[in-house]
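We did not get these values from a lab; they are worked out from the coordinates using the rules stated. Values in this document were obtained by computation on a predicted structure and should not be read as measured data. A quick note on method: Cβ atoms are made from the backbone with ideal geometry, for glycine too, and the neighbour counts reach across all protein chains shown.
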């Protein structure tokens with residue numbers, strides 16, 4: 001029987017002839033990922049520590065950041081289809097460079113009052129959201145354009161690997177390196193300055209891309225297709241029944257998307273308040289992508305044999321169930337062998353949740369973006385990629401507003417002494433906060449199971465391609 005790991009790496013041989021444009025696209029993903037994962041992990045801490053926002057306001061402005069991405073991304077996808085890849089990169093990267101540099105400098109300007117700093121930071125967050133809205137659809141469009149039908153699945157696998165490698169480096173080296181080396185306040189500012197440098201690196205990569213290099217000549221867009229207006233493309237996509245069903249399918253996953261977003265919205269303050277202020281935040285956040293990288297190498301050739309709908313249901317269920325560790329009363333965890341105090345109990349449930357959640361993510365995420373990019377009409381790839389990101393971008397603002405309220409109520413600064421003395425009821429503890437998230441998360445797999453027949457009718461829902469066949473089929 002063939003070794004699945006050998007088979008997995010054998011797939012990469014098909015990219016031996018991949019163009020420089022494919023590798024430049026992955027370099028853009030890597031550099032931008034380093035900046036994004038570093039920034040998003042500390043954003044709530046930065047708003048509180050560096051800018052004077054309270055818990056509710058910091059959560060709300062992270063929510064506003066993602067909410068504006070939602071608003072911008074709808075138009076941006078169709079705009080990218082019209083103006084092309086390079087111009088889209090230039091606009092998106094330029095906006096990100098300005099916003100990141102400003103966020104890294106403004107809080108330290110003595111000439112500005114605290115109120116003025118907050119206003120400028122809010123404006124820069126909105127600018128950053130517009131730049132962020134450009135990047136995802138244009139990267140996915142680039143990956144499709146610079147891969148053939150035979151190499152597309154492997155190309156998206158590599159892109160997912162590179163993204164998670166960037167997340168590991170961002171967590172283990174960038175975040176902890178700056179925050180431990182420079183202190184929390186200056187470290188947060190340095191992370192945004194680092195993001196500016198990464199923007200310059202992505203700009204250099206985008207300059208050398210040859211936009212007219214189509215790996216599949218049959219996918220080259222004609223002059224008539226390219227001359228349409230963004231609004232016309234936008235309206236066409238929304239009217240397509242296949243897209244409407246795909247969008248419904250994605251919307252049903254919002255409950256679990258909340259679990260994804262809690263890693264940067266809730267966890268930074270949760271870690272530092274139930275354990276200690278100098279908790280290795282970056283190291284903790286690097287565990288998840290490390291598991292993804294290892295899992296992609298070991299497990300993907302096996303789980304790709306199953307239909308996508310099954311994988312999504314199983315993966316969502318596992319990811320949602322990971323919150324059980326967080327929601328269980330702490331005194332139950334303290335009864336486990338080898339756990340002798342509060343710190344050990346919290347360390348156990350944090351690591352257990354990360355491990356289980358990462359396994360669930362590994363099962364259903366890797367081929368998802370590849371499917372959407374592959375089935376999208378050749379002249380609407382960016383539009384499909386932008387609009388299909390709706391569930392993720394909806395869940396982030398929802399969790400942003402909700403997280404600020406829940407953190408201020410159940411995981412406020414100074415709660416650890418109460419936990420240590422046992423002077424806190426379950427209904428007032430951080431564990432009760434996670435019970436609320438658990439209830440929201442389990443709604444997703446239940447909803448998908450309930451709607452499965454409708455979603456999979458008329459070829460609406462995808463099934464994962466086998467390793468040798470990159471095109472999706474219906475389960």
Packing-ranked peptide list from 34-46, 162-174, 418-430, highest mean Cβ count within 10 angstrom first, is 34-46, 162-174, 418-430
Treating every alpha carbon of the range 58-210 as one equal point scatterer without solvent, the Debye formula yields log10 I(q)/I(0) values at q = 0.10, 0.12, 0.15 Å⁻¹ of -0.42, -0.60, -0.92
Square roots of five times the C-alpha gyration tensor eigenvalues of the range 28-134, ordered largest first and given in whole Å, equal 26, 14, 13
By Cβ neighbour count within 10 Å, fewest first, 81, 32, 193, 55 rank 193, 55, 32, 81
Between residue 111 and residue 283, Cβ-based FRET efficiency (R0 35 Å, step 0.05) works out to 0.45
Across 5 Å bins beginning at 0, the whole-percent shares of Cα-Cα pair distances in the range 256-366 come to 2, 11, 21, 21, 18, 13, 8, 4, 1
proj_area_mean for the range 111-194 (convex hull on C-alpha atoms), units nm², value 7.2 nm²
If the chain between residue 310 and residue 421 were fully extended at 0.36 nm per residue, the gain over the current Cα-Cα distance would be 35.4 nm
Kirkwood radius from Cα pairs of the range 44-104 plugged into Stokes-Einstein at 20 °C, 1.002 mPa s, gives D in µm²/s equal to 161 µm²/s
Rh (Kirkwood, all Cα-Cα pairs) for the range 239-281, Å, reads 12.7 Å
